[in-house]
1. Round to the nearest 10 and give me the degree value, 0 to 90, for the angle of helix 40-49's Cα axis relative to the longest principal axis of the chain.
2. What are the extents of the Cα atoms of the chain along their three principal axes, listed from largest to smallest and rounded to whole Å?
3. So, in Å, what gap is there between the alpha-carbon centers of segment 1-15 and segment 25-58?
4. Using only DSSP helix segments of four residues or longer, with each worth -39500 (n - 2.57), what per-residue ellipticity at 222 nm results for the chain after dividing by its residue count and rounding to 500?
Ligand code: SF4
């Protein structure tokens, strides 16, 4: 699973609240790719919760 954040991120913090192992939000969200394995369900949940659909899961 490859997880990226597109330019639409508004740094709302929702993804970090759902899965702080993978997402860190400062000026915008960044992904800790090494933590995705084992957190796939939470990553999908965060992608669904993102208000601007900025989390791209491939
Ligand atoms: S939930 Fe979406 S808009 Fe909010 S910080 Fe995460 S990627 Fe950015």
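1. The two axes meet at around 20 degrees.
2. So the extents along the principal axes, rounded to whole Å, are 26, 19, 15.
3. Using only Cα atoms, the two centres lie 6 Å from each other.
4. That calculation yields -6500 deg cm²/dmol at 222 nm.
Quick note: the coordinates plus some simple rules give every number you see, no bench work behind them. Predicted, not measured: the structure shown is a model, and the values here were computed from it.
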